[in-house]
Amino acid sequence: MKKFILSAALAVAGFTAVQASEVKDLKTTAIVAVQDSVTKTPVKLEELPEPVTTALKSDTYKGWAATEAWLVKDGTKEYYLINVKKEAETGSVKIDKDGKPVQ
C-alpha cells in the first residue's frame, strides 16, 4: 500500500512539473502587432476635384451615380475611393486626383 501511495504521489508530482513547464513556455511566446497605415477621410461629392468629377461623367462610368467618396492615403499613394450605384447594382472605383483610374 505504501508503494502504491508513493507511486501515485510521484506520478502527480511529475504531471504537475509537466504542466508548470507548459505554462512557462506560453509566457515566452511573442505577440506581434501590425499597424495599418491606410487612412480614409470622407469627402463630400461636391468637393471632389474637377478631374475626378469629369472622369465620373465619362462614358466609362455612364449610368453610374456616385453615392459616397473618401480620400485614401496608403503610404505614398493617394486616391479617391468612390462608391457608385446603377439601379440595383453597387460598386466602387478608385480614381487619382488627375482623374486616372487606380489599380
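Rule-based calculations on the coordinates, nothing more; no lab input. Remember, it's a predicted structure, so these values are computed and weren't measured experimentally. Quick reminder, even Gly has a Cβ in these numbers, built from the backbone with ideal geometry, and neighbours come from all protein chains shown.
Quick notes on this structure:
- Histogram of C-alpha separations across the stretch 38-95, 10 Å bin width, %: 24, 55, 20, 1
- Formal net charge of residues neighbouring Ser37 (Cβ-Cβ distance under 15 Å; K, R +1; D, E -1): 0
- Simple Cβ-charge dipole of the stretch 38-95, Lys/Arg +1 and Asp/Glu -1, about Cα centre, in debye nearest 20: 120 debye
- When each of the peptides 67-75, 36-44, 86-94 is scored by how many other beta carbons lie within 10 Å of its residues on average, the order from highest to lowest is 67-75, 86-94, 36-44.
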